[in-house]
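K.L.:
Have a look at the structure that comes next, please.
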Amino acid sequence: AGQITGIGIATVDMTEQKQAEEALRENEQRLNLSLEVSCMGTWDMDLVRHTAHRSLRHDQIFGYGEPLPEWTYDMFLTSVVPEDRDAVDRKFQDAIENKTDWNFECRILRKDGIVRWILARGRGEYDVGGKPVRMIGIVQDITERKMAEETLLETSEYLEKLISYANAPIIVWDPNFVITRFNHAF
């Protein structure tokens, strides 16, 4: 009694699991770098619990230096400027109803009172019965792009007026020498 009569040893090869974990870590690092370089934030809305998980960049886009303890769809809609709010909400409802992506650009009023333009893209997930349970996506501040578009439009309109009202004949052609514009003096 009390004597050892044998010893059993079991081993498990963890090589594949460790390789999979390392590959997952590397992919996550690549994704985070891509999001950081493109200045995008991520969000993940639980449509059942009415909560959302977000990246720090998401909250920074909305004017917060630190992650907020909670974020909801209603909080998001409140940050959308009133003139854009109905269109954004309608696109969300349409995306859920039609099971399509939710893509839009709108203006937001940040916590610090600054109005910015954002681009957001989201994709819904549905349970086996087709009920929406989750939407995940990205958000990006596109204010500089919108300002550049506005400047380009203003410049184009200004040049159009210059051409139209000039007393001298003006003709504009493309690189293939096809006339694209001329004024009345021409």
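K.L.:
Assign unit charges at the C-beta atoms only (+1 for Lys and Arg, -1 for Asp and Glu), then state the dipole size of the stretch 96-186 relative to its Cα centre in Debye, rounded to the nearest 20. Before the final figure, lay out each step's value.
P.N.:
Details: 13 positive and 14 negative charges, 66 e Å.
Here the size comes out at about 320 debye.
K.L.:
Over the chain, with a Gaussian network built from C-alpha contacts below 10 Å, which listed residue (Thr100, Thr72, Thr155) shows the highest mean-square fluctuation?
P.N.:
Thr155
K.L.:
How large is ³J(HN,Hα), in whole Hz, for each residue of the stretch 79-89 in order, when computed from phi with the Karplus curve 6.51 cos²θ - 1.76 cosθ + 1.60 and θ = phi - 60°, using x for Gly and Pro?
P.N.:
Along the stretch 79-89, the couplings run 7, 6, 4, x, 5, 9, 4, 4, 5, 5, 5 Hz.
K.L.:
Could you tell me what % of all Cα pairs in the chain have separations over 21 Å? Don't jump to the answer; show the numbers that get you there.
P.N.:
On the way: 11550 of 17205 pairs.
Roughly 67 percent, rounded to a whole number.
K.L.:
Taking H as built 1.01 Å from N, whose amide H comes closer than 5 Å to the amide H of Ala52, not counting residues under 5 places away?
P.N.:
Asp46, Trp71
K.L.:
Next question. Under 29 Å Cα-Cα from Lys146, which lysines qualify once same-chain neighbours fewer than 8 residues away are excluded?
P.N.:
Cα-Cα hits under 29 Å: Lys91, Lys99, Lys111, Lys161.
K.L.:
What number comes out for the charge environment of Lys161, summing +1 per Lys or Arg and -1 per Asp or Glu over other residues with Cβ under 15 Å away? Before the final figure, lay out the partial values.
P.N.:
On the way: positive: Arg181; negative: Glu154, Glu157, Glu160.
Around Lys161, the charge tally is -2.
K.L.:
Provide the per residue accessible area, probe 1.4 Å, for the chain, rounded to a whole number of square angstrom.
P.N.:
Details: 13630 Å² over 186 residues.
I get 73 Å² per residue for this part.
K.L.:
At R0 = 45 Å, how high is the FRET efficiency between Ile136 and Val178 if r is their beta carbon distance? Nearest 0.05 is fine. Please report the intermediate quantities before stating the final value.
P.N.:
Numbers: r = 47 Å, r/R0 = 1.04.
According to the calculation, E is roughly 0.45.
K.L.:
Between Asn103 and residues 5 or more places away or on another chain, which pairs have amide H atoms under 5 Å apart, with H built 1.01 Å from N, and which residues are they?
P.N.:
Excluding prolines and chain starts, which carry no amide H, the hits are Gly122.
K.L.:
Next question. Could you state the principal axis extents of the C-alpha atoms in the stretch 83-152, from the largest down, to the nearest angstrom?
P.N.:
Projected onto its principal axes, the Cα set of the stretch 83-152 covers 47, 27, 20 Å.
K.L.:
Taking the Cα centre as origin and putting +1 on Lys and Arg beta-carbons and -1 on Asp and Glu beta-carbons, what dipole magnitude results for the chain, to the nearest 20 debye? Before the final figure, lay out each step's value.
P.N.:
Working: 22 positive and 32 negative charges, 37 e Å.
Value, rounded to 20: 180 debye.
K.L.:
Rounded if a/c is under 1.5, else prolate if a/b is larger than b/c, else oblate: which is the stretch 45-107, with a ≥ b ≥ c the root eigenvalues of its Cα gyration tensor? Could the numbers behind the result be given before it?
P.N.:
Working: a/c = 2.06, a/b = 1.36, b/c = 1.52.
Here the stretch 45-107 falls in the oblate category.
K.L.:
Also: Mind checking the stretch 74-183 for chymotrypsin sites (Phe, Trp or Tyr not before Pro) that DSSP puts in a loop (not H, G, I, E or B) and that have at most 13 other Cβ atoms within 10 Å?
P.N.:
Details: sites: Phe76, Phe92, Trp102, Phe104, Trp117, Tyr126, Tyr158, Tyr165, Trp173, Phe177, Phe182; in loops: Phe177.
Loop-located and lightly packed - Phe177.
K.L.:
On to the next question. Specify the residue with the greatest mean-square fluctuation among Gly113, Gly41, Gly124, computed from a Gaussian network of the chain linking alpha-carbon atoms under 10 Å apart.
P.N.:
Of the options given, Gly113 has the highest mean-square fluctuation.
K.L.:
Under a GNM of the chain (C-alpha, springs under 10 Å), which listed residue has the highest mean-square fluctuation: Arg49, Arg123, Arg110?
P.N.:
In the Gaussian network model the winner is Arg49.
K.L.:
Also: In deg cm²/dmol and to the nearest 500, what is the mean residue ellipticity at 222 nm of the chain if only DSSP H runs of at least 4 residues count, each as -39500 (n - 2.57), divided by the residue total?
P.N.:
Values: 5 runs with 76 residues, N = 186.
That comes out to -13500 deg cm²/dmol.
K.L.:
Going toward the positive end of the dipole of the chain, with +1 on Lys and Arg Cβ and -1 on Asp and Glu Cβ, which of Val133, Leu109, Thr151 do you reach last?
P.N.:
The residue sitting most towards the positive pole is Thr151.
K.L.:
Same structure again: In whole Hz and in residue order, list the ³J(HN,Hα) couplings for the stretch 101-110 that follow from phi through the Karplus curve 6.51 cos²θ - 1.76 cosθ + 1.60, θ = phi - 60°; x for Gly and Pro.
P.N.:
3J(HN,Hα) across the stretch 101-110, in whole Hz: 5, 9, 10, 6, 10, 7, 9, 10, 9, 5.
The values are calculated or read from the model by the stated rules, or taken from the named source; none is laboratory data. This is a predicted model, so every value here is computed, not measured. Cβ: placed from backbone, ideal geometry, glycine included. Neighbour counts: every protein chain shown. Accessible surface is based on the protein model in full, side chains and every heavy atom, while ligands, DNA and RNA are left aside. Shrake-Rupley method; radii C 1.70, N 1.55, O 1.52, S 1.80 Å.
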